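See below for the structure under consideration.
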Amino acid sequence: MRETPGRAVVVADAGALAREAAREFERRAKEAVAARGWFAVALSGGSTPRRLYALLADPAAPFRAAIPWDRVHLFWGDERHVPPEDPRSNYRMVREELISRVPIPAGNVHRIEAELPEASEAAARYDAELARFFALGSAEFARFDLMLLGIGPEGHTASLFPGTTALQVRDKRVVENWVPKLNAFRITLTLPVFARAAAVLFLISGEDKAAILRMVFDPNGPADALPCQLIRPESGDLIWLADRAAAASLPPY
Ligand code: 6PG
């Protein structure tokens with residue numbers, strides 16, 4: 001029987017999930033800034049984190065005033081190959097819910113330039129920005145203080161989809177990834193970058209995630225069948241934050 005790496009945290013509902021994720025975000029931001037002067041976070045796209053971003057920016061909640069936004073650096077774990085104004089853009093969603101509502105300096109927002117005609121060029125430019133910001137050598141991987149992720153219905157995470165070439169990459173930080181089921185390119189961080197993270201926080205909400213989360217935690221199932229299972233911080237924290245609806249099929253602890 002296998003153990004699933006990391007720790008599962010189950011909360012009542014989507015609202016509780018956003019609050020717990022916001023507390024993690026605030027705590028890790030303060031710790032990183034106290035230790036090093038800045039906090040680097042890789043944000044996830046999709047619908048689940050939208051509520052977290054809105055809560056972080058909400059003046060009626062405690063987080064906006066508590067987080068040292070001038071020391072927070074926003075990156076993305078992945079991006080669709082679309083311009084920033086496109087409704088599918090992960091950057092656009094974060095700009096609407098968070099960036100436009102908190103006092104974060106423009107220079108602290110490190111978006112993927114997914115408007116470029118070639119996804120490979122967008123990946124190369126984002127990689128250069130990672131190398132500059134983290135002062136990386138060619139074979140070094142960025143170490144984010146926190147990386148947010150979701151899980152798709154077939155177990156993808158970031159833009160690491162089952163059967164796609166990005167899953168095999170171990171010598172690059174960022175790649176373009178052709179996703180046949182979407183008939184589209186994505187730009188995504190690679191597994192070695194997630195492995196270097198100080199913390200990876202999965203945000204999993206809703207009954208439509210119950211089956212895939214069961215597969216992740218099935219003690220008799222394969223340990224590496226799904227892309228989300230390949231996210232393994234070498235020394236960092238791995239937290240599966242789920243609401244009750246998503247955790248409904250988990251085996252009893
Ligand atoms: C994206 C995300 C993707 C997302 C999952 C879950 O660009 O869409 O990177 O990996 O996290 O598809 O999305 P939901 O949170 O909407 O279920």
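The values are calculated or read from the model by the stated rules, or taken from the named source; none is laboratory data. Owing to the predicted nature of the structure, the values given are computational and were not obtained by experimental measurement. Using ideal geometry, Cβ is built from the backbone for each residue, glycine included, and neighbour counts are taken over all protein chains shown.
Can you name every residue in segment 194-208 that is surrounded by fewer than 24 Cβ atoms within 10 Å (Cβ to Cβ) and in contact with a strand residue (DSSP E or B) (Cβ under 8 Å, 6 or more places away or on another chain)?
Those that are surrounded by fewer than 24 Cβ atoms within 10 Å (Cβ to Cβ) and in contact with a strand residue (DSSP E or B) (Cβ under 8 Å, 6 or more places away or on another chain): 198, 199, 206.
Test of understanding: among 223, 123, 142, which residue is crowded, with 21+ Cβ neighbours inside 10 Å and modelled with pLDDT under 95?
Just one listed residue meets the conditions, 142.
Go through segment 1-54 and give me each residue that's free of Cβ contacts under 8 Å to residues at least 60 places away in the same chain and in contact with a Lys or Arg (Cβ under 7 Å, 6 or more places away or on another chain).
Answer for segment 1-54, where residues must be free of Cβ contacts under 8 Å to residues at least 60 places away in the same chain and in contact with a Lys or Arg (Cβ under 7 Å, 6 or more places away or on another chain): 18, 33, 37, 38.
State the number of residues belonging to segment 156-192 that are under 24 Å from residue 215 (Cα atoms) and either outside any loop (DSSP other than H, G, I, E, B) or among the hydroxyl-bearing types (Ser, Thr, Tyr) (or both).
14
Within segment 107-126, does at least one residue satisfy the condition of being within 14 Å of the ligand (Cβ to nearest atom) and over 19 Å from the mean Cα position of the chain (by Cα)?
Among the residues of segment 107-126, at least one is within 14 Å of the ligand (Cβ to nearest atom) and over 19 Å from the mean Cα position of the chain (by Cα), which makes the answer yes.
Residues are listed down the side, and each one gets a yes or a no for (1) more than 9 Å from the ligand (Cβ to nearest atom); (2) more than 13 Å from the chain's Cα centre (by Cα); (3) under 28 Å from residue 38 (Cα atoms):
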site: 147; (1), (2), (3): yes, no, yes
site: 154; (1), (2), (3): yes, yes, no
site: 164; (1), (2), (3): yes, yes, no
site: 173; (1), (2), (3): yes, yes, yes
site: 182; (1), (2), (3): yes, yes, no
site: 189; (1), (2), (3): yes, no, yes
site: 194; (1), (2), (3): yes, no, yes
site: 201; (1), (2), (3): yes, no, yes
